[in-house]
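Remarks on the structure that follows.
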Amino acid sequence: MSAKTIVLEVKNLSMNFGGLRALSDVDLDILQGEIVALIGPNGAGKTTCFNCITGIYDPTEGDILLRSPQGKGVRLNGLKPNQVTELGMARTFQNIRLFPSMTVLENVMLGTHCRTKSGILGAILRDRKTREEEVRVVNKSYELLKLVGLDHHVNDLASNLPYGAQRRLEIARALATDPFLLLLDEPAAGMNPNETIALEQLVMRIRDELDMSILLIEHDMKMVMSISDRVHVLEYGQKIAEGTPAEVGANPQVIKAYLGEEAVDA
């Protein structure tokens, strides 16, 4: 596949909540194998953009197009989140959404649900195909736990994991849906510097070893500048810049947006 194939194209995306315009004519795209960051001050509309892309919100205007590695394009507007997931897009959330009373392995196994074929009858009868599929699911889930460095926690309850490990578990569960595009919503939030460095390495491994395209929202600018191929910048629901990390980092409009946020916080 050409490295320049567009896997996600967002055109003129706008989102209104009553009289509030949270997004206005936002364009962005992601190429196969890219790590792309979506950044901006708090309240810029980043998570709203994610929610439109993944089917949680139906955008007021614009088009969201997903193109699979096989080249088949699908318009995502109006689809439900589970339908978007089945098409090959997975996401994590700003607030961790694990099943705390289930084991680490069980949490990842749940992510495979959209790809399994055994129905209620198979679960009751426990036929050969169902048993074989269960073995494949367990093996696949364990391999994903190895990828994110949690295989030694396989039988631990998710609630007993350290915070950074819970973040990695959520990524493993998202990968269990077999996506070709992974959306990460502030994956480094709450992490210490060592955990963040480990996360950077993990994100690049996922891109390289699984041939994954990745879109992430992140406030840790050191991480963004370290791993991103391109960066899109939002402010007040509008895109104000796009380019390489170096180009965006030197953009006066971007600097002003972040300095303005810091001045308000101060």
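Readers should treat all values here as calculations from the given coordinates under stated rules, not as data from a laboratory. Bear in mind that the values here come from a model prediction, so they are computed numbers and not experimental data.
Values for this structure:
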item: Crossing angle, helix 128-147 versus the chain [Cα axis fit, 0-90 degrees, rounded to tens]; result: 40 degrees
item: Fluctuation leader among L169, L183, L157 - the chain, Gaussian network, Cα springs under 10 angstrom; result: L157
item: The chain, helix-only ellipticity at 222 nm - DSSP H runs n ≥ 4, -39,500 (n - 2.57), divided by all residues, nearest 500; result: -12000 deg cm²/dmol
item: Cα convex hull volume per residue for the range 129-266 (Å³); result: 143 Å³
item: Listed residues K46, K72, K11, most fluctuating in the chain (Gaussian network, C-alpha, under 10 Å); result: K72
item: Convex hull volume per residue for the chain, taking Cα atoms only, in Å³; result: 147 Å³
item: Pairs beyond 31 Å (Cα-Cα), from K72/K222; K11/K80; K11/K256; K11/K222; K11/K140; result: K72/K222; K11/K140
item: Residue with peak Gaussian network fluctuation, the chain [Cα springs, cutoff 10 Å], from N12, N42, N192; result: N192
item: Average Cα contact separation per residue, the chain, under 8 Å, 6 or more apart, as relative contact order %; result: 26 percent
item: Angle in degrees between helix 163-175 and the longest Cα principal axis of the chain, rounded to the nearest 10; result: 70 degrees
item: Gyration tensor verdict on the range 10-50 (Cα atoms; rounded if a/c is under 1.5, prolate if a/b is larger than b/c, oblate otherwise); result: oblate
